[in-house]
Amino acid sequence: AKEQRQGAFVVYDSSMQQPLDERVMIEKYLRTAIANNELYLNYQPIIDLESGNVWGFEALIRWNNPVLGFVSPLSFIQIAEDCRLILPIGEWVLITACHFMKYMHRQGFENYHISVNISVVQLMHEGFTDMVLDVLEETGLDPSFLEIEVTESVVMDSFEATVAKLEFLKTKGIQIALDDFGTGYSSLSYLKQLPIHTLKIDKSFVDGIIDTLDHLSLVDSIVSIGHDLGMKVTAEGVETGDQVAFLQNCKCDKIQGYYFNAPMAEEKVLTWLSEWNEHSRN
Ligand code: C2E
Ligand code: CA
Ligand code: CA
Ligand code: CA
């Protein structure tokens with residue numbers, strides 16, 4: 001299905017051309033989305049497979065506009081990148097996510113991480129590393145609890161400059177994940193040079209688990225490659241117990257997906273986490 005109805009607004013996946021007037025509308029309303037408090041974050045748990053403990057949460061942006069209704073990030077992130085609105089929006093995401101994690105730590109839910117998606121436009125922006133360090137200082141979150149997720153295309157676009165920025169953030173204690181891994185075109189020799197802590201296997205490969213033997217061995221290989229390079233491996237979009245069992249078998253480190261929980265509202269996180277910890281103790 002290339003198209004799904006969500007709220008009052010038609011959501012297209014990224015492979016489909018958006019009609020021009022729709023892009024124009026999205027851009028128009030996006031300009032005032034932060035000021036009008038229309039943006040918020042959902043949080044999806046990331047589970048450590050070996051211990052069964054919650055490692056942390058990925059922050060995922062949500063937009064509810066009075067005219068457009070709920071608009072999926074798949075529909076507006078690209079537009080936000082094209083008109084560079086992703087710079088203030090991305091900064092807002094980082095501040096909000098770090099604030100939230102610091103709040104959790106203060107509530108006694110310590111040692112949980114927050115993972116934040118970073119767009120290519122943000123990473124290329126000259127002020128990016130300073131912005132990240134400022135946000136950490138402002139929110140008081142220890143850098144070791146922040147993971148940033150960048151995609152392969154981001155890194156390949158201007159390899160040396162990007163690697164230098166990521167290296168710098170790594171020396172500050174921030175963790176780096178390579179998102180949507182397997183969908184891009186990075187070669188193994190590039191991968192080796194990247195200051196990456198974690199590979200996130202894209203959902204499209206996880207979907208193939210059980211269905212086709214091809215994907216089965218691919219997932220297994222990605223995990224092995226990651227480990228050989230000294231990286232951790234996370235699988236996203238895990239929906240079934242069979243997938244969990246397979247990923248456990250091939251020693252994937254962390255998993256994330258509807259099987260455990262869909263991304264949830266901020267207000268639900270503490271209750272969910274308390275229940276999870278209660279269950280794993282019993
Ligand atoms: P992503 O980074 O690959 O995030 C994973 C997407 O898969 C999320 O969609 C999540 O809700 C969804 N998902 C998680 N588990 C499952 C599952 O078991 N089954 C299925 N079918 N889906 C699952 P979402 O929230 O709609 O976000 C879509 C994309 O938008 C993200 O893909 C990311 O590339 C982008 N995005 C989201 N939030 C941000 C943000 O704050 N900044 C930037 N730059 N991009 C963002
Ligand atoms: Ca992600
Ligand atoms: Ca993905
Ligand atoms: Ca992504």
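The values are calculated or read from the model by the stated rules, or taken from the named source; none is laboratory data. Please read all numbers here as calculations on a predicted model, not as lab measurements. In this analysis, Cβ positions are derived from the backbone assuming ideal geometry, glycine residues included, and neighbour counts consider all displayed protein chains. We work out accessible area using only protein heavy atoms, side chains counted, and drop any ligands, DNA or RNA first. Shrake-Rupley method; radii C 1.70, N 1.55, O 1.52, S 1.80 Å.
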Only one of S115, S51, S72 is among the hydroxyl-bearing types (S, T, Y) and without any contact (Cβ under 8 Å) to a residue 40 or more places away in the chain, namely S51
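Filtering the stretch 109-141 down to residues that are among the small types (G, A, S) and within 16 Å of ligand 2 (Cβ to nearest atom), which residue is surrounded by the most Cβ atoms within 10 Å (Cβ to Cβ)?
Of everything passing the filter in the stretch 109-141, S115 is surrounded by the most Cβ atoms within 10 Å (Cβ to Cβ).
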- Item | Residue match in the stretch 161-177 (condition: within 13 Å of ligand 4 (Cβ to nearest atom) and closer than 22 Å to F100 by Cα) | yes
(1) more than 16 Å from R23 (Cα to Cα); (2) more than 15 Å from the chain's Cα centre (by Cα) all hold for V67 apart from (1)
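For the stretch 34-46, how many residues are buried (at least 22 other Cβ atoms within 10 Å of the Cβ) and of a type in the set (A, V, I, L, M, F, W, C)?
1
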Apart from one, (1) within 25 Å of L273 (Cα to Cα); (2) in contact with a Phe, Trp or Tyr (Cβ under 6 Å, 6 or more places away or on another chain); (3) open to solvent by less than 10 Å² (accessible area, probe 1.4 Å) all hold for L146; the odd one out is (2)
By residue number, the members of the stretch 82-108 that are open to solvent by 40 Å² or more (accessible area, probe 1.4 Å) and either within 16 Å of ligand 3 (Cβ to nearest atom) or over 19 Å from A33 (Cα atoms) (or both) are H99, K102, Y103, R106, Q107, G108
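Confirm whether S158 is closer than 25 Å to V206 by Cβ, more than 16 Å from ligand 2 (Cβ to nearest atom) and touching a residue at least 12 places away in the same chain (Cβ under 8 Å). Give the steps one after another, and end with the answer.
Details: closer than 25 Å to V206 by Cβ: no; more than 16 Å from ligand 2 (Cβ to nearest atom): yes; touching a residue at least 12 places away in the same chain (Cβ under 8 Å): yes.
Considered against the rule, which asks whether it is closer than 25 Å to V206 by Cβ, more than 16 Å from ligand 2 (Cβ to nearest atom) and touching a residue at least 12 places away in the same chain (Cβ under 8 Å), S158 comes out as no.
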Residue hits (the stretch 47-77; near ligand 1 (Cβ under 9 Å from one of its atoms), open to solvent by 40 Å² or more (accessible area, probe 1.4 Å) and not in a strand (DSSP E or B)) are L74, I77
